Every structure is written in C-alpha cells, then in structure tokens.
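Single-structure report; data block below.
Readers should treat all values here as calculations from the given coordinates under stated rules, not as data from a laboratory. Everything numeric in this text was worked out from a predicted model, so none of it was measured. No Cβ is skipped: glycine too gets one built from the backbone with ideal geometry, and neighbour counts run over all protein chains shown.
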Ligand code: SER
C-alpha cells in the first residue's frame, strides 16, 4: 500500500468514525456550473448545501476530491506547486462548527498520522472592522488548548510580518485568512459566500539555499506564509458563514465548515519530505523520466523540467480520464497547453517526445487503487496523447525555426506574434514566453491580457465564455443555468425517444448563453430528427410539466427507471429528478418523461423555461456527438 493510499484511506476512515458520510469525488470538469472550467477545490459541488439545501447524505460529509488549478500551471517547477491534486475535505452543513473542526484536524494530524506537534504552526483571521468581523480569538484559543494537551506551548503573534518571534499561532488579514471562490472580500461578487479561515502549516526547518536567503533579504524575516520553502500549508478550515450582499456581509442562515487539505502536501509532511515530487504521489513518474535520459533529477539544473513533465503528464491523464479532449477551446485548450508544454520540456532533458506516452501507465498505477476505472481508460488516453504528440511534433520544429527568425529581426515578443505562433504552429502562450526567455527577448507589457484579447477576437465561443465568466451577475447566470440544466434532462429524454435508448449522455456544459450536450450516437442527426427532438422538447415545455425531486437509496432509484451518467460516481443515497404529467408515478410515457439521478438544481416546472432551439451538432470523438441548445430569442 502506498503512503498516498494510506493517508487518503486513513482520513476517510477517521471522518467516517466521526459520523461523516463519505461521498465520491466529483469529476474534474464540474457539471452544470458555468462559472468555472475545472473543479479547483473540494467545496465547489457543495455550494447549495451551505445555503441550506439538504444534502442527501446528511449534515456531515467527507471526500477526497480531484482538483485541477490552471492558474498554477506556471508555478509548477518548485518543490510544492502542482496543477492536479487531491483535496481531502470535510463539511458541516449547519452542524458542528469551529471548536469541533479544529479538534478533528488536530487529532487527524497528531493522533492518527502521528505527525510531530512541534512541527505544526497555524494561522487565524485578524478581523476586519469595516466588514464587522472580529479577530478570531475563538479559533486561536482552541488551537492553544489542544496543543497544550500534548505539551506544546503555542505563543500567539499578531504581527507576523515582523518574523516568527517564537510564536506558533499567527493572525493574518484577509489576503491570507479569508476564503471565498473569488478571493478577498472586495473581489467577491454580490451573492457569493465566504468566511474567515484557519490554516495549518508544517515546518521543514530553516532553509539556507541562496534562493531562500534572497527571499528573506527582499521580503523580510521568515514567517509561516513566507515562500522560502520552510513552511508548507497542509490544511485549511474555512468557517463558511457569510454572504456578500449590497449592504455588506450578512451571516448565512447556518454556520458551515469547509475543510480542505492537500493530500500530496499532507503526505509530504507525513514523510517529512519537503519535495512533493519525491513522495509516492510523484516519485514513480520522476524515476520513469530518469530512465529515459542520462540526466539526473538530483542535478538542480534539471529539476524544473522533470517536475513540469511529471506534473503536466499526470494532470493531462487525469483530465482525459474525466472526458477532456485536446482542442482549441476551454478545458480542451488547457489540456493542450499541458501536453504541449510537457512535450517541449522533453527536449531540455534530451528525451524523445514520443517516449512520454510511457508515463500514462505510471500515472494510472499511482491512482488505480482508489480510482479503479482508470485502468480501462489506459489505451484510449494513450491514443489521444499520441495523436496530439504527432500533431504537435510536426509544427514544433517549424515553429521553433519561425521563432529563431523572429528573434533575429526584433528583440520583443508581442502578444500579436505570440498569437500568430499559436495560430500557425500551435504554440501555447507559455511556450512562446519560455522560448523568449531562453533567447533573452523582451516581453510586451500585459502580454497575457493582450494575447487573450487576440484569441477571443478570433473565437466567438470564447467570447461568450469570457462574457459569462466575468461580466454577468451571479444571480442572472444562476437563473439561466438552472433553466438550461432542466433542458439538459429534456434533451436527453428527447434524444432517447427519437434515436433510441442506446443514446447515453457523455457530458454536458452550461453557460448563461447556451447548453452543450455530448451523447453516444454513431452518426450525424438528420434535419427531420433534429426537428422531431426540438418539437418534443418544446411540447414538454409548453405542457408545463412539474419537476419533482425525491431522495432514496441508489438501488431503489435505478429500479424506478432513473438513468445515471456514471452510476459509481453517486453516493448510496441519491436525489432523483423526474419531469412529467405525474412525475412521481412509475410508468414511463404516461407519467414521467424524464427521470435522472442528479444533484440539481432545476426549475420547478417546465413552463418557466421558454421555447428552445437546437444549434450546431457535430462529432467530438468516435461515436460521440455534441449538440448545442439555446433559448429562442424573443
Ligand atoms: N475551500 C477551501 C480551500 O480550497 C477549503 O476546502 O482551501
């Protein structure tokens, strides 16, 4: 048993003993959440329950959630940043609060994993008068008492920027100890929820590298949030209790707990190993990459390349296993960036690009004990990777030549040129930036924003993504996406009625503007079929059918005729949504027209939706079609 598996299992067993229901990880691409491309924290699928909706498994839930953070792509290369990780999470939906939560985490780290308490430091929120939120002395005092019970005294320090000062509990402001999906309170949209948090850090001991010295010279003395490498954040308890309103922060109807701890980081602390790439989560990959080259990971000049390849290949495999394909848009574009960046780094380590596919089974080996389905996907993932590699290798050398030519003519990489390099040779921006750095070119100011503008100007789809991600209000967006979510069920039912029951949903994605739906079917739809499907859906909308929700054991739900996208993904107790004349009836056709395992939310009755039209339909993979539906403009 690997230590990775051991810690994950230990956490889930421990939380289960504290009456938490263990739920499966949501997929890396969130279903029906237009606000984000990837699951980047464990709490994302839990939002409705913080607001008071009943979770089908009760008020205490825990999991190990697969996460991907695209924002961290460029951070990868040091000893701790990774794009894919698992987050151990536990939640209280209006049940236990601060004291219990801090006690659980203390006991998990100190009693269950037996981590040395002398190596643990914590941070708490220093309060904010403008927000009307006090300094979190309650949390600090609970920590103090717990540590004193194992003979460790925890001095509280209110000014961490002055250094450690023999302290072990530090108060920080909202930049460090406030959590919301959009960061600090000022950046939160109206309607968003957040709260103060308390973080746990592991101490790897004083760092004496040149880099660490430089950081201390420029940024001041070491403290627990310092970047020198001494301290690693391993867990974060968010006291999710406020909602931002026009009138400021209002307490939610219930006080919630949202704990998230990076599994790979807890593993690093458990092994007292400051380099996560040397833990069981990555080491087999690094070893395999070493076997492709004469260069060594231990040589500091190479570490960065080994780490980028290992991280990006792992993340790419996990994304592909959740249904992402390389493409020029959205999640597919991010996957393409990862793959191309990894392929480019291979050259720095004198490795042939086509060798990287051998890392696929190594990633799968690391995770297969917890995600057994991965094994069945190995061949498919390897094929996609090989196809992408072939495509890229053809343009890489041409692109590099073009880069040389450009560098000899001008000394600056502009957004325009970077976009041209992408358009003609498939160079993602990071790659051009890296090449520019190697060649010592200047880089245009704000190149990232300008590059994105170029890219958006060339793609209507990404334009709409940008609009809905940054501009429209959360409330409007939610209303539209709830409607589209219900249309997803109607569309699924209509496709099955017209094309046959072998049609199965393969994915969906909703923005405020449209709904995208992937399904299994071997050929293009005819005009007549599309018309029939549209008429069925609009007929159901017009009939103003009721949408009803029931909670029941999974086996019972399946027996009642409910369909499920990935049966294993659902917990034992599930919600089903039925739509029809008599949605709670059990006879297909007369009573309900759609019944699916689903976590909602949905409109209450179909009349709220308004007429829809089907837009383009195309193939996305062998045997998989993609269709778009949107509200008919009035
Ligand atoms: N949401 C918090 C985080 O991502 C804790 O789960 O850090």
- May I ask you to list the residues of segment 6-38 whose amide nitrogen lies under 14 Å from a point 7 Å from Cα along the Cα→beta-carbon direction of residue 100? 15-21
- Query: Could the peptides 41-48, 107-114 be put in order, highest first, of the mean number of other beta-carbon atoms found within 10 Å of their residues?
  - Reply: 41-48, 107-114
- Item | Order of 367, 348 - criterion: other Cβ atoms within 10 Å of each residue's Cβ, fewest first | 348, 367
- Item | Alpha-carbon spread of segment 591-634, three principal axes, descending order, Å | 35, 32, 21
- Rounded to two decimals, what is Rg over Rh for segment 76-230 when you use alpha-carbon atoms and the Kirkwood radius? 0.96
- Task: Run through the DSSP bridge list for segment 477-634 and note the antiparallel percent, rounded to the nearest 5.
- Result: 95 percent
- Task: Using Cα centres only, tell me the gap between segment 196-257 and segment 357-413 in whole Å.
- Result: 34 Å
- Query: What does the highest-first list of 523-532, 299-308, 198-207, 158-167 look like by mean Cβ count within 10 Å?
  - Reply: 198-207, 299-308, 158-167, 523-532
- Query: How big is the convex hull of the Cα atoms of segment 248-327, per residue, in Å³?
  - Reply: 220 Å³
- Task: Hey, for a label at residue 616 modelled as a point 7 Å past Cα toward Cβ, could you say which residues of segment 327-370 have their backbone N under 20 Å away?
- Result: 327-336
- Query: How many nm separate the modelled label positions at residue 246 and residue 423, each set 7 Å beyond the Cα in the direction of the Cβ?
  - Reply: 4.4 nm
- Here Rg/Rh (Cα, Kirkwood) for the chain equals 0.97
- Message: I need the fraction of alpha carbon pairs in segment 1-148 separated by more than 29 Å, rounded to a whole percent.
- Response: 26 percent
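Using a ≥ b ≥ c from the Cα gyration tensor of segment 178-319 (square roots of the eigenvalues), is it rounded, prolate or oblate, where a/c under 1.5 gives rounded and otherwise the larger of a/b and b/c decides, a/b for prolate?
Prolate is the answer for segment 178-319, as a/c is 1.5 or above and a/b outweighs b/c.
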- Task: Return the calculated 222 nm mean residue ellipticity for the chain, to the nearest 500 deg cm²/dmol, obtained by summing -39500 (n - 2.57) across DSSP H runs with n ≥ 4 and dividing by the residue count.
- Result: -12000 deg cm²/dmol
- Distance between modelled label sites at residue 116 and residue 375, nm, 7 Å Cα→Cβ extension: 3.9 nm
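In what sequence do 605, 223 fall when counting other Cβ within 10 Å, fewest first? Numbers along the way, then the final one.
On the way: 605 17, 223 24.
By the 10 Å Cβ count, ascending, the order reads 605, 223.
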- Which of 81, 489 has the fewest Cβ neighbours within 10 Å, and the rest in rising order: 81, 489
- Message: Using a Förster radius of 45 Å, what is the FRET efficiency between residue 572 and residue 155 based on their Cβ-Cβ separation? Nearest 0.05, please.
- Response: 0.45
- Message: Just want to confirm a number: the relative contact order over the chain, from Cα pairs under 8 angstrom separated by 6+ residues, in percent.
- Response: 11 percent
- Would you kindly calculate the translational diffusion coefficient of segment 316-436, applying Stokes-Einstein with the Kirkwood radius from alpha carbon pairs, for 20 °C and a viscosity of 1.002 mPa s, and quote it in µm² s⁻¹ without decimals? 140 µm²/s
- Message: If you restrict to DSSP beta bridges whose two residues both lie in the chain, what percentage is antiparallel, to the nearest 5?
- Response: 85 percent
- Using the beta-carbon distance between residue 543 and residue 352 and R0 = 56 Å, what value does 1/(1 + (r/R0)^6) give for FRET efficiency, to the nearest 0.05? 0.40
- Query: Looking at the P(r) of segment 3-74, how many percent of alpha-carbon pairs lie beyond 15 Å?
  - Reply: 61 percent
- Task: Figure the gain on full extension for residue 390 and residue 528 (residue separation times 0.36 nm, minus the Cα-Cα span) and round it to one decimal in nm.
- Result: 45.8 nm
- Item | Fraction of beta bridges assigned by DSSP in segment 63-169 that are antiparallel (%, nearest 5) | 70 percent
- Where the centroid of each part is defined by its Cα atoms, how far is segment 511-573 from segment 610-632 in Å? 14 Å
